[in-house]
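The values are calculated or read from the model by the stated rules, or taken from the named source; none is laboratory data. If you're wondering where the values come from, they're calculated on a predicted model, not measured in any experiment. Positions of Cβ are backbone-derived with ideal geometry, glycine not excepted, and every protein chain shown enters the neighbour counts. Just the protein is used for accessible areas: all its heavy atoms, side chains included, with ligands, DNA and RNA removed. Shrake-Rupley method; radii C 1.70, N 1.55, O 1.52, S 1.80 Å.
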Amino acid sequence: MHVRKEPSIRIAVALACAGIASFHASPALADSAPGEGFDVTRYDLALIPDLLNGTVAGHETITLRATVDGIRHLGFSGNALTIETATLDGIPVASALHGKVLDFDLPRPLRRGRDVKLELSYHGRPARGFAGSSGLLYTSYFACDWMICPQDRFGDKADFTLNLRVPAGMETLSIGRMTGKRLGPDGTEIHTWRASRPYSAYLYGFAMGRFSRADDKAGSADLTYLSDTVDAADLKRRFAATPDMVAFLSDKAGLPLPERGYVQLLVEGDEAQEAATYSVLGVDALPTTDNDPAEDWAIVHELSHQWWGNLVTCATLKDFWLNEGITTFMTAAWKEHRYGRAAYDAELDIARKRLEGARAKGFDKPLAWDGSYPNLGTRRAIQYSKGALFMAHLRTSLGDDAFWSGLRRYSRTHAGGTVTSIDLERAMEAASGRDLHALFAEWVFGTDIPEHQPTS
Ligand SMILES: [Zn+2]
């Protein structure tokens with residue numbers, strides 16, 4: 001995600017980021033944190049969203065594996081949904097909301113490595129993560145408010161299948177590809193969406209509505225532009241740079257688009273939110289005139305997350321800068337590619353001003369700092385802005401060949417997986433043949449330096 005205009009953050013996005021901050025600031029939850037003690041391998045969902053009322057009814061099967069011996073309950077992110085039924089391998093289990101954790105008590109402790117199926121049904125009005133209008137519903141960031149999952153467990157990637165029941169004639173969007181469409185009861189259709197690879201829960205999402213549509217190509221990848229607010233010709237014009245962006249970012253990542261396709265849903269407002277294989281962008285977040293580098297950031301920022309964030313994902317919030325700092329840097333790199341060096345410098349100047357703003361208030365931390373941030377703006381000044389400046393500094397220090405080769409190595413090595421900061425250091429060291437530990441200690445680790453393994 002990205003919020004450009006800091007003083008006028010849209011409510012949904014403000015809540016999204018506030019949610020991250022408050023969860024992170026609650027170490028007391030550590031012994032019963034959502035997702036602790038197990039790995040989810042797949043989610044199978046059947047959802048009936050009610051567009052007019054902003055409610056949802058769902059049936060969900062969570063296949064998971066215990067990663068420690070003797071866990072007695074399964075914790076997920078607490079939300080506003082009412083659990084109707086819950087069974088573990090067919091045996092009823094009790095659920096209770098403890099603060100921000102939704103706990104399912106197990107009939108007997110699980111041993112490590114045991115695979116089980118938690119089957120749930122629920123209904124309710126999600127407190128966060130639902131947005132739209134009378135004719136459109138789309139989700140934004142807070143997947144675990146409209147389904148049951150551990151929101152901040154970035155390192156736990158799982159398969160995802162969604163059967164979405166909507167009024168006949170309505171269109172849907174979710175992650176991956178639509179693999180089936182069939183008639184449902186009472187004038188409805190059921191659309192089945194499936195992701196081709198596991199993703200972290202915060203990247204799950206869907207939308208329903210009636211859309212204008214434009215199709216495009218970036219090499220062999222299919223690009224789709226959807227909107228409930230502008231027509232196909234306008235979509236094509238606004239997203240015209242996307243194929244060039246895909247070519248540029250694929251080259252820098254050394255990898256094609258993860259699903260060989262990408263969808264952009266254009267909505268009212270200033271939304272800028274990535275999901276696993278699509279992004280939601282607000283009209284107000286896009287440039288009002290063509291070829292204006294100052295306004296050109298939202299499309300490329302969210303598209304960059306297809307590689308940095310979605311495919312290569314920080315293991316925990318501690319290394320969130322790897323998602324957002326690299327993406328913010330790639331926005332500057334795209335501007336250099338499209339508009340020239342001055343646009344790159346201007347983008348980095350914005351980052352520099354934000355970091356200086358935090359420093360003026362006495363706040364500066366290493367990028368992989370694990371403490372609580374005083375507020376959202378400060379968190380962004382470090383994880384987005386300082387992160388981008390560090391990438392630019394690495395580029396200057398190593399030279400273009402070694403730097404881009406290091407970024408490609410990092411992206412390819414960890415595609416589909418999760419990363420911490422040491423993974424970036426190792427990739428850059430391998431590409432440059434240099435010991436970068438002092439540099440990473442200064443910018444990234446501070447005094448919290450992990451054991452150093454010299455480059456071979
Ligand atoms: Zn972002």
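For residue 160, enumerate residues with amide H under 5 Å from its amide H, sequence gap 5+ or separate chain, H modeled in the peptide plane.
Hits under the 5 Å cutoff: 43, 195.
Which distance in Å, rounded to a whole number, links the C-alpha centroids of segment 209-267 and segment 275-319?
For segment 209-267 versus segment 275-319, the Cα centre distance is 12 Å.
Quick one: which residues, 5 or more positions from residue 84 or on another chain, have an amide H under 5 Å from its amide H? H modelled 1.01 Å from N in the peptide plane, none for Pro or chain starts.
Result for residue 84 returns 121, 122, 123.
Using the heavy atoms of the protein chains alone and a 1.4 angstrom probe, what is the accessible area of the chain per residue in square angstrom?
Per residue, the chain has 39 Å² of solvent-accessible surface.
Mind checking the full-extension length gain between residue 292 and residue 231? Use 0.36 nm per residue of separation minus the Cα-Cα distance, one decimal, nm.
Value of the extension gain: 19.7 nm.
Rounded to a whole number, what % of the accessible area of segment 218-304 do carbon and sulfur atoms account for, probe 1.4 Å?
Ligands and nucleic acids excluded, carbon and sulfur reach 49 percent.
By the scheme Lys and Arg +1, Asp and Glu -1, what is the net charge of all other residues having a beta-carbon under 9 Å from that of residue 212?
Once positives and negatives cancel, what remains is -1.
List the aspartates and glutamates whose alpha-carbon lies under 13 Å from that of residue 365, not counting same-chain residues fewer than 8 positions away?
Leaving aside aspartates and glutamates fewer than 8 places away in the same chain, those within reach of residue 365 are 319, 356, 442, 448.
Looking at segment 236-297, send over the antiparallel percent of its DSSP beta bridges, to the nearest 5.
Within segment 236-297, antiparallel bridges account for around 40 percent of the total.
What is the percent carbon and sulfur in the accessible area of segment 313-445, measuring with a 1.4 Å probe over the protein chains and ignoring ligands?
C and S atoms contribute 48 percent here.
Could you name the lysines in cross-link range of residue 361, using Cα to Cα under 18 Å and dropping any fewer than eight places away on the same chain?
Cα-Cα hits under 18 Å: 353, 386.
Over segment 218-304, what number does the Rg to Rh ratio reach, with both radii from the alpha-carbon atoms and Rh per Kirkwood?
That ratio is 0.93, to two decimals.
Once whole DSSP H runs in the chain are found, which of them have Cα atoms spread over 15 Å or more along the helix axis and a mean Kyte-Doolittle score of at least 0.5?
11-24, 387-398
Label-point separation (nm) for residue 412 and residue 217, each offset 7 Å from Cα along Cα-to-Cβ?
Between residue 412 and residue 217, the label points sit 2.6 nm apart.
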